[in-house]
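K.L.:
Below you'll find the structure I mean.
The values are calculated or read from the model by the stated rules, or taken from the named source; none is laboratory data. Just so it is clear, the model here is predicted, and its values are computed rather than measured. Reconstructed Cβ throughout: ideal geometry from the backbone, glycine too, with neighbour counts over all protein chains shown.
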Amino acid sequence: MTTLIKLEIIRALRNKKFMFFSVIYPPALYLLIAGGADSKPIPGMKLDMALYFMVSMAAFGAMTAVLLGNSERIAKEREKGWVRQLRLTALPGRGYVAAKMAAAATVSLPSILLVMIVAAAVKGVRLEAWQWFAIAAGTWLGSFVFAALGVAIGYLATGDAVRPISMLVYFGLAFLGGLWMPLTILPQWVQNIAEWLPTHAYTALGTAVEAGEAPHVKDMAILAGYLLVFAGGAAWLYRKDTRKA
Amino acid sequence: MTTTATTTATPAQGADRAPVVSFRQVSKSYGAVRAVADLDLELYPGETVALLGPNGAGKSSTLDLLLGLRGADSGSVTLFGTTPQRAIEQGRVGAMLQSGGLMEGVKVKELVRLARDLHPRGYPLDQIMATAGITDIADRMVDKLSGGQEQRVRFALATAGAGDLIVLDEPTTGMDVSARQTFWGAMRRQAQEGRTVLFATHYLEEADEIADRVIVLHRGRVLADGTAAEIKARAGARRVAFELDGPIDREALHALPSLTSLEVSGRTVRIQSHDADATVHALYGLGLYPHHLEVSGLGLEQAFIALTTASDAAPATAEEAAR
């Protein structure tokens, strides 16, 4: 099982094109959105645009790398029959899911760090050392939830259906979770939905830290719940996958 | 003649031992298509078994059921007295699937090491690579292999640890003649170490040369089961070939006893007969003088064709007639 995890990480690092775009695109998007913003607080929040979008773009970038990367790659591996071959080994379902999540986390970590570096260097974001550390760790660990979701989607959908489905989930979660614009400026019904979405809980970890608070227990509980559901579902689907795809 | 009536379960050896693989009344349908129909099958330790059948006979479905990659609609499949999944988790089964892809973006060596580490009783890496004949391509990327090299890597994955049963689906597809010989050499050594080997193949000469038991599947059922010699004998027919001088009276030849087919080309006559002695005797009785008379048994390939076409010509089983 550790061999598989190591091998999946090596593969992720070898895939230079995917690595490059996954790492470059979140900081680029950050500069595009928050680049011209002033330092006035966002209505209804204590944070300004530069701070808010540092967390949401780091989250968005991590989510891109792990969710889209995983779902498409897994669907392809099922089509090619590699997963069939793997099912003829003693590998438990959780081993497969763990390896895929580890590979995704390898890609998401540098993209998270780069957004934070750009925010500090270009937009002059200044925080306490513990805040930098907590935001990086929280955003990275939180990305595991979406990595597991990516594995599950890779198992639910086949072939041509994978991309539209993962895109729909990805954009839906990003928008409704307030990754593209602060939730406080969105209608109330969106805010009501958002409260229970993994994406909102995900960014809320970072924004709480930015505001000088500890991450809220409710957000952590929501993320842990989604992680269990997605990872458990993915492991179950791996074992139950009796279609050739 | 119905398909079930022709079934003879005569395991070549070890009938007194516990079966390695056991299918009991197993059925599997895909929509309206019955891929496997009430299949009964047992494999015993140390046997090398070839699974033959025309396309769509249910070979791949049978192997999928055996390996637990699909579940049966009814009946039971047991491996070593347990479920296929448990047997695989215990590392008792190695398999090489036609549809089994390889992980991309890794080196051959890395992939084989993975298979070895996932196996509860994995062999040393060098040994696996040498047995499969892939030592020279150890550092090649998996995506850059030829068809024959891919097959050898699959073989390495199937034999990465100490198992008791090896299942191979069309293992030599894409290999050239010498690679094929090397492959079967390695396979024979596996069998000599006491493993049970089950392989599906399109190459009937492979079944003839390598298997000590041949199972012919047709329409998801066992049509024949025995040694290659027994299968050939079961097909019944023998070939009679000779040359004749002067005009050939096809009518008279066609009336020969026990004749099942007649082919005349130039002066050469080829006959298939299910009683060659009677046919040849009657031939002389016609007052003919055949030159270069040859009487020979059918090859496994002809026997196979004779068996399956005879089954196709026979009235369908009740349930098939009902559809």
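K.L.:
What is the one condition in (1) touching a Phe, Trp or Tyr at 6+ places or on another chain (Cβ under 7 Å); (2) free of Cβ contacts under 8 Å to residues at least 24 places away in the same chain that residue A:30 does not satisfy?
P.N.:
Single failed check for residue A:30: (2).
K.L.:
Are any residues in segment A:1-12 surrounded by 13 or more Cβ atoms within 10 Å (Cβ to Cβ) and within 10 Å of chain B (Cβ to nearest Cβ), and if so, which ones?
P.N.:
A:1, A:3, A:4, A:6, A:7, A:8, A:10, A:11, A:12
K.L.:
For residue A:140, all conditions in the list (1) closer than 25 Å to residue B:99 by Cβ; (2) assigned to a helix (DSSP H, G or I); (3) not hydroxyl-bearing (Ser, Thr, Tyr) hold save one; what is the number of the exception?
P.N.:
(1)
K.L.:
Can you work out which of the residues in segment B:237-253 that are among the charged types (D, E, K, R), in a strand (DSSP E or B) and modelled with pLDDT of 85 or more is surrounded by the most Cβ atoms within 10 Å (Cβ to Cβ)?
P.N.:
Among those that are among the charged types (D, E, K, R), in a strand (DSSP E or B) and modelled with pLDDT of 85 or more, it is B:239.
K.L.:
One residue is enough: does segment B:113-135 have a residue meeting the conditions basic (Lys, Arg) and either more than 17 Å from residue A:89 (Cβ to Cβ) or at pLDDT below 90 (or both)?
P.N.:
The answer is no; no qualifying residue exists.
K.L.:
Please work out which residue is farthest from residue B:58 (Cα to Cα), limiting yourself to segment B:1-44 and to residues that are among the β-branched types (Val, Ile, Thr) and modelled with pLDDT under 90.
P.N.:
B:10
K.L.:
Something else now. Among the residues of segment A:13-26, what is the count of those that are surrounded by 16 or more Cβ atoms within 10 Å (Cβ to Cβ) and facing chain B (nearest Cβ under 9 Å)?
P.N.:
Qualifying residue count for the region: 1.
K.L.:
So residue B:115 fits all but one of (1) in a helix (DSSP H, G or I); (2) hydrophobic (A, V, I, L, M, F, W, C); (3) surrounded by fewer than 23 Cβ atoms within 10 Å (Cβ to Cβ); (4) touching a residue at least 12 places away in the same chain (Cβ under 8 Å); what number is the exception?
P.N.:
(3)
K.L.:
Can you name every residue in segment B:181-232 that is free of Cβ contacts under 8 Å to residues at least 60 places away in the same chain, hydrophobic (A, V, I, L, M, F, W, C) and over 25 Å from residue B:123 (Cα atoms)?
P.N.:
B:229
Conditions (1) surrounded by fewer than 22 Cβ atoms within 10 Å (Cβ to Cβ); (2) in contact (Cβ under 8 Å) with a residue 12 or more places away in the chain, marked per residue:
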| residue | (1), (2) |
| --- | --- |
| A:69 | no, yes |
| A:74 | no, yes |
| A:82 | yes, no |
| A:85 | no, no |
| A:90 | yes, no |
| A:107 | no, yes |
| A:129 | yes, no |
| A:138 | no, yes |
| A:141 | yes, no |
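K.L.:
Can you pull out the residues in segment B:134-148 that are of a type outside the set (Asp, Glu) and surrounded by fewer than 19 Cβ atoms within 10 Å (Cβ to Cβ)?
P.N.:
Listed by number, the residues that qualify are B:135, B:138, B:140, B:141, B:144, B:145, B:146, B:147, B:148.
K.L.:
Please verify whether segment A:94-110 includes one or more residues that are of a type outside the set (D, E, K, R) and facing chain B (nearest Cβ under 9 Å).
P.N.:
Yes, that holds for at least one residue.
K.L.:
On the given criteria, is residue B:49 away from every other protein chain (no Cβ under 14 Å), hydrophobic (A, V, I, L, M, F, W, C), under 20 Å from residue B:216 (Cα atoms) and buried (at least 16 other Cβ atoms within 10 Å of the Cβ)?
P.N.:
Yes, satisfied.
K.L.:
Output the residue which, of all residues in segment B:119-134 that are over 29 Å from the mean Cα position of the chain (by Cα) and assigned to a helix (DSSP H, G or I), is nearest to the other protein chains (Cβ to nearest Cβ).
P.N.:
Within segment B:119-134, the match that is nearest to the other protein chains (Cβ to nearest Cβ) is B:125.
K.L.:
Go over the candidates B:91, B:100, B:105 one by one and state the one that is more than 17 Å from the chain's Cα centre (by Cα), facing chain A (nearest Cβ under 8 Å), assigned to a loop (DSSP other than H, G, I, E, B) and surrounded by 20 or more Cβ atoms within 10 Å (Cβ to Cβ).
P.N.:
Answer to the selection: B:100.
K.L.:
Right, something else. Is it the case that residue A:238 is of a type outside the set (D, E, K, R), within 14 Å of another protein chain (Cβ to nearest Cβ) and crowded, with 17+ Cβ neighbours inside 10 Å?
P.N.:
Yes.
Listed here are the residues, each with its yes/no results for (1) within 28 Å of residue A:80 (Cβ to Cβ); (2) more than 17 Å from the chain's Cα centre (by Cα).
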| position | (1), (2) |
| --- | --- |
| A:107 | yes, no |
| A:114 | no, no |
| A:136 | no, no |
| A:143 | yes, no |
| A:151 | yes, no |
| A:163 | yes, no |
| A:169 | yes, no |
| A:172 | no, no |
| A:183 | no, yes |
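K.L.:
Against the conditions (1) in contact with a Lys or Arg (Cβ under 7 Å, 6 or more places away or on another chain); (2) closer than 25 Å to residue A:239 by Cβ; (3) modelled with pLDDT under 90, where does residue B:71 fall short? Just the number, please.
P.N.:
Condition (1) is where residue B:71 drops out.
K.L.:
Could you run through segment B:272-299 and say how many residues are outside any loop (DSSP other than H, G, I, E, B) and not small (Gly, Ala, Ser)?
P.N.:
Residues that pass the stated criteria total 12.
K.L.:
Okay, next question. Give the residues of segment B:120-157 that are closer than 19 Å to residue A:7 by Cβ and touching a Pro at 6+ places or on another chain (Cβ under 9 Å), sorted by residue number.
P.N.:
Residue satisfying the conditions is B:154 alone.
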